[in-house]
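Student: Before I ask anything, here is the structure I am working with.
What follows is calculated from the coordinates using simple rules that are stated; it is not laboratory data. Note that the structure is predicted; figures quoted are calculated from it, not measured. Cβ: placed from backbone, ideal geometry, glycine included. Neighbour counts: every protein chain shown.
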Amino acid sequence: MSRFVPCPLSGRPARPQPKADPVRRDEIFSHYIMKFPLGLLVLGLLASSLSAQTALPASSPEIAVVRQQLEAFNRHSADEVVACYAENIIWRSIDGDTVSTEGAGRESIRSWLKGYFQKLTTVNSELLEVNQTGPLVVFRERARWTGKDGQPRSQTAIGIFEVRDGLVQRAWYFSAVPDRPPAKST
């Protein structure tokens, strides 16, 4: 059964409101706001940025920093990559409900990258989509490499870099999703 709710400004009946659901929507909403604020921030950024376009936007100083660090990554130069990062950068990985700090400081990330490049000597990455809201650059990237079995591998991931004063201050990187191998022709 519908009822009319008075308009808070005029006091006149506004619009019919449906009968309340057994589960209160406001409780669900506040539960998720309180429990998953980072997730909601990220979902909002992704929805506004990745759904709006598929082409890379015109460059900004912040996007140029992201591209510069990616080019250094593809040259396997840990020193050049971390030159794009603030001295006290915080790198967080997000996997479902788990948020962990993977790197705190430029030196810890440099050390990790050197080992990474030694293990994956063929790895390279490309930006598939990129967008920006203020200092936050949201991107989707694909990494490719040759597996130990000699087969090509690739995965796609989403990251957010906070770029201020020409350096990445904070990074949030979501778990990568392996790309599906091409279908075998019959």
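Student: So if I place +1 on the C-beta of Lys and Arg and -1 on the C-beta of Asp and Glu, and nothing else carries charge, what would the dipole magnitude of the range 99-165 be about its Cα centre? I want it in debye, nearest 20.
Tutor: Using only the charged Cβ atoms, the result is roughly 280 debye.
Student: So if each residue of separation counts as 0.36 nm, and I subtract the Cα-Cα distance between L127 and S175, what length gain in nm does that give?
Tutor: In short, 15.7 nm is gained.
Student: Among F139, I94, A176, pick out the residue whose Cα is farthest towards the positive end of the charge dipole of the range 61-178, where Lys and Arg carry +1 and Asp and Glu carry -1 on C-beta, about the Cα centre.
Tutor: Of the options given, the answer is A176.
Student: Per 0.36 nm of contour for each residue apart, how much would the distance between E102 and A64 grow if the chain were fully extended, relative to their Cα-Cα spacing?
Tutor: 11.3 nm
Student: According to a simple spin-label model (label point 7 Å from Cα along Cα-to-Cβ), what is the distance in nm between S111 and T146?
Tutor: A separation of 3.1 nm, rounded to one decimal place.
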